[in-house]
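For reference, the structure is listed below as structure tokens.
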Amino acid sequence: PEPGDLDRWLALLDAESAKERPPHRVADRGRGAFHRHCASCHRVDGFGKQGGPDLSTIHERGKRHILESILSPGAEVAPQYEPWQLTLADRSSKIGFLLGQKGGNSFFADIAGNEFQVGYREILRRAQIPMSLMPPGLANLMETGEFADLVDWLSRGRD
């Protein structure tokens, strides 16, 4: 389906989820898909990197919201996850999420969650980029069953 056709996507994933599979296999495959495709930028329950939002409580938003966030990552971007484009005194550039400021330095995390700091005086120009750095088309990198397991796993709370 097209990324914006959430009803068709939900029907497709629900049909896949209805297939006979042991519940622990769904959780294992969902967690595995997260580790392979999401953990380089996101965290769940302390695992992963902090480049993007922590997804530990994403299940509270519901399956439809999770699906829309994956299929259309730029549809809703929290201000703290709008990246900053920095031009530095040495004419290099960096992109990152602002983590904080202290003692004449700004602290950022890049899309991979790697933290870096830049002194205020090193920054020639900075501009907030009003978009998500999460790449579109993530669902196309997975088989339908793996994608269904990922969405199911994210949709459930983990006690």
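Within the group Phe97, Phe107, Phe147, Phe116, which residue is surrounded by 13 or more Cβ atoms within 10 Å (Cβ to Cβ) and without any contact (Cβ under 8 Å) to a residue 12 or more places away in the chain?
On the way: Phe97 fails: without any contact (Cβ under 8 Å) to a residue 12 or more places away in the chain; Phe147 fails: without any contact (Cβ under 8 Å) to a residue 12 or more places away in the chain; Phe116 fails: without any contact (Cβ under 8 Å) to a residue 12 or more places away in the chain.
Exactly one residue qualifies, and that residue is Phe107.
Looking at the range 119-138, which of its residues are without any contact (Cβ under 8 Å) to a residue 40 or more places away in the chain and β-branched (Val, Ile, Thr)?
Ile123
Test Leu141 against the criterion of being buried (at least 17 other Cβ atoms within 10 Å of the Cβ), touching a residue at least 40 places away in the same chain (Cβ under 8 Å) and touching a helix residue (DSSP H, G or I) at 6+ places or on another chain (Cβ under 7 Å), and give yes or no. Lay out the reasoning, then the answer.
Working: buried (at least 17 other Cβ atoms within 10 Å of the Cβ): no; touching a residue at least 40 places away in the same chain (Cβ under 8 Å): yes; touching a helix residue (DSSP H, G or I) at 6+ places or on another chain (Cβ under 7 Å): yes.
For Leu141, the condition - buried (at least 17 other Cβ atoms within 10 Å of the Cβ), touching a residue at least 40 places away in the same chain (Cβ under 8 Å) and touching a helix residue (DSSP H, G or I) at 6+ places or on another chain (Cβ under 7 Å) - is not met.
Each row is one residue, and each column tells you yes or no for (1) modelled with pLDDT of 95 or more; (2) under 13 Å from the mean Cα position of the chain (by Cα).
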residue: Ser40; (1), (2): no, yes
residue: Glu60; (1), (2): yes, no
residue: Ser69; (1), (2): no, yes
residue: Ala78; (1), (2): no, yes
residue: Leu98; (1), (2): no, no
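What do you reckon, is Arg121 assigned to a helix (DSSP H, G or I) and either out of contact with any helix residue (DSSP H, G or I) (no Cβ under 7 Å at 6 or more places or on another chain) or farther than 23 Å from Asp45 by Cα (or both)?
yes
Results for (1) within 19 Å of Ala27 (Cβ to Cβ); (2) touching a Ser or Thr at 6+ places or on another chain (Cβ under 7 Å), shown as yes or no for each residue.
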{"position": "Glu60", "(1), (2)": "yes, no"}
{"position": "His65", "(1), (2)": "no, no"}
{"position": "Leu71", "(1), (2)": "no, no"}
{"position": "Pro83", "(1), (2)": "no, no"}
{"position": "Thr87", "(1), (2)": "no, yes"}
{"position": "Gly119", "(1), (2)": "no, no"}
{"position": "Met131", "(1), (2)": "no, no"}
{"position": "Met134", "(1), (2)": "no, no"}
{"position": "Trp153", "(1), (2)": "yes, no"}
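The values are calculated or read from the model by the stated rules, or taken from the named source; none is laboratory data. It should be emphasised that the depicted structure is a prediction, and the values quoted were computed from it without experimental measurement. We place every Cβ from the backbone using ideal geometry, glycine too, and count neighbours over all the protein chains shown.
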